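The values are calculated or read from the model by the stated rules, or taken from the named source; none is laboratory data. Source: prediction; values computed, not measured. Note: ideal-geometry Cβ built from the backbone for every residue, glycine included; neighbour counts use all protein chains shown. Ligands, DNA and RNA are excluded from the accessible area calculation, which covers all protein heavy atoms including side chains. Shrake-Rupley method; radii C 1.70, N 1.55, O 1.52, S 1.80 Å.
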Amino acid sequence: MMQSLKYWLAEHPSIVNFRWSHTQSFGSTWSFLFAAIAVYIVAVITLHSFLSLILSKSRRIPLGPLPAIHSLCVSLISAVIFVGILYSAAAEIRDTRWFWRRTKTISTPFQWFLCFPLGTRPSGRVFFWSYLFYLSRFLHLFRTFFTILRHRKLTFFHLFNQSILLWMSFLWLEFSQSFQVLAILLATLLYSVVYGYRFWTAIGLPSACFPFVVNCQVVLLACNLISHFGVIFLHFLKGGCNGMGAWGFNSVLNGVILILFLNFYVKMHLRKKNVEDIDGNSNSSSSSSSSSSSSAHGCSRSDIKFE
């Protein structure tokens, strides 16, 4: 069973012989990327403006099981990518150790996760899964439309975050950027858990009494931040990592996302504190019922707002 799984996820000829190509890989051109992001932004803004004109903000459009199905699909796809790139990374480390000794840039598997040797090309197992991760980012975009249809909410942070994550996953492939394997492992692990949780709540099962999605994002951002310092250290200590130009550009974008997220996180906690202060000044009988209601609503609201 395990051998069969390893074959289909890491040793299949389509995976081993994969090569990122502008002529053979779907969505691999700059024009496609720019057009896709532009269409996404225009479609989202148009839908939000149109619904704001014809419907009241409190009115929700029923979507039936679509959000639950979407969350389940994203969770399962992310889990498959996580396992696939994990197996593929192990196979690549096994097959390319001889190259490490020649380049003298890396000496351990952990260093390889952070720093590709100079001259690395976007081909082979890990780049196959990086390509699937890039394509899966388009599936994530549908959640924006679900949020607008159900809650009539559209924030600059959400629009910017989704567009930039699509952009960054493209740059990983285009420039064979270092750190992408570890970044994909962290991201897909998070997505499989978060979207599994969203599926769990979408089918009516109880939700967490704290902002689960936001806290998961905090963990991911913290891990990415620590890893970036590791990349810088290896780049200067070992004589260079591949794709550092793209890495630098992505680091700036990640910094902007981090600032926007921290702004959201602080506002969320200030709002929660204000709600608790109001509840504290209420009568004890009404406070108990309204506090549990506000708490549950607050958890769900924070998960919804941070899409």
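Among all residues of segment 52-60, there is none that is touching a Leu at 6+ places or on another chain (Cβ under 8 Å), closer than 16 Å to Leu166 by Cβ and open to solvent by 60 Å² or more (accessible area, probe 1.4 Å).
The residues of segment 210-246 that are more than 22 Å from Arg271 (Cβ to Cβ), open to solvent by 40 Å² or more (accessible area, probe 1.4 Å) and either in contact with a strand residue (DSSP E or B) (Cβ under 7 Å, 6 or more places away or on another chain) or in contact (Cβ under 8 Å) with a residue 40 or more places away in the chain (or both), listed by number, are His235, Lys238, Gly239, Gly245. Annotation note: of Ser192, Ser169, Ser176, Ser163, the sole residue that is outside any helix (DSSP H, G or I) and either open to solvent by 40 Å² or more (accessible area, probe 1.4 Å) or small (Gly, Ala, Ser) (or both) is Ser176.
Let me confirm something: among Gly119, Gly124, which residue is on the phi > 0 side of the Ramachandran plot and open to solvent by less than 40 Å² (accessible area, probe 1.4 Å)? Result: Gly124 is the single residue among Gly119, Gly124 that is on the phi > 0 side of the Ramachandran plot and open to solvent by less than 40 Å² (accessible area, probe 1.4 Å). Number of residues in segment 134-144 that are open to solvent by 10 Å² or more (accessible area, probe 1.4 Å) and not in a loop (DSSP other than H, G, I, E, B): the value is 6.
Each residue in segment 1-33 was checked for being among the hydroxyl-bearing types (Ser, Thr, Tyr) and assigned to a helix (DSSP H, G or I), and 4 of them qualify.
Evaluating Trp30 against the criteria (1) at pLDDT 95 or above; (2) surrounded by 11 or more Cβ atoms within 10 Å (Cβ to Cβ); (3) within 18 Å of Leu173 (Cβ to Cβ) leaves one unmet condition, (2). Counting only residues that are at pLDDT 95 or above and either touching an Asp or Glu at 6+ places or on another chain (Cβ under 6 Å) or buried (at least 16 other Cβ atoms within 10 Å of the Cβ) (or both), segment 17-26 holds 2 of them.
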